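The values are calculated or read from the model by the stated rules, or taken from the named source; none is laboratory data. Predicted model only: the values in this text are computed from it and were never measured. When we count neighbours, we look across all protein chains shown, and the Cβ atoms used for this are built from the backbone with ideal geometry, even at glycine.
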Amino acid sequence: MKFTKYIKDKINYILGFIVYSIIILAYANVMAVNKNFVIVITIMSFLFCGIGLLVSYWEKNKYIKNIEKIMDDLEEKYLISELIEKPRGQENLAYYNILKRANKSMLENVINVRTSRKRL
């Protein structure tokens, strides 16, 4: 996963943070808060936001690369859901469960076809 694509996925979060920061800066200006304090808080906020995005990207990228490595090493690609670790995030967990259900259905159909062929 490229970092630019990850940022595009997180653009709503980033824009929301920027709007939030502008509102806080405007409020601090109206309340006549010390400019140095506002600058320090703003820099710290953007720093923590950036670090959070980088850590999130690193974790997601590591997870995706792990899945791709497992997939590349598999001879029977349909077994991927049996070999990948269960994800922690709710969105990824939903995809994981859907994949498990789809593969279970496919395996049941293969068993049914094999069973019907043995009868003939």
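Summed over the range 84-93, the residues that are assigned to a helix (DSSP H, G or I) and either surrounded by fewer than 11 Cβ atoms within 10 Å (Cβ to Cβ) or aromatic (Phe, Trp, Tyr) (or both) give a count of 2.
Within the range 38-48, not a single residue is under 23 Å from the mean Cα position of the chain (by Cα) and surrounded by fewer than 10 Cβ atoms within 10 Å (Cβ to Cβ).
Take the range 10-34 and flag every residue that is surrounded by 13 or more Cβ atoms within 10 Å (Cβ to Cβ) and closer than 20 Å to residue 51 by Cβ. It would help to see each step written out before you state the result.
Our first condition is that a residue be surrounded by 13 or more Cβ atoms within 10 Å (Cβ to Cβ); within the range 10-34, this holds for 10, 13-14, 17, 21, 24-25, 28, 33.
Listed by number, the residues that qualify are 10, 13, 14, 17, 21, 24.
Only one entry of 67, 7 meets the criterion of being surrounded by 13 or more Cβ atoms within 10 Å (Cβ to Cβ), within 30 Å of residue 107 (Cα to Cα) and either of a type in the set (Asp, Glu) or not assigned by TED's automatic domain parsing to the domain that holds residue 105 (or both), and that entry is 67.
To keep it simple, each residue is scored yes or no on (1) more than 25 Å from residue 4 (Cα to Cα); (2) over 22 Å from the mean Cα position of the chain (by Cα).
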{"position": "60", "(1), (2)": "no, no"}
{"position": "67", "(1), (2)": "no, no"}
{"position": "72", "(1), (2)": "no, no"}
{"position": "75", "(1), (2)": "yes, yes"}
{"position": "83", "(1), (2)": "yes, no"}
{"position": "87", "(1), (2)": "no, no"}
{"position": "108", "(1), (2)": "yes, yes"}
{"position": "112", "(1), (2)": "yes, yes"}
{"position": "115", "(1), (2)": "yes, yes"}
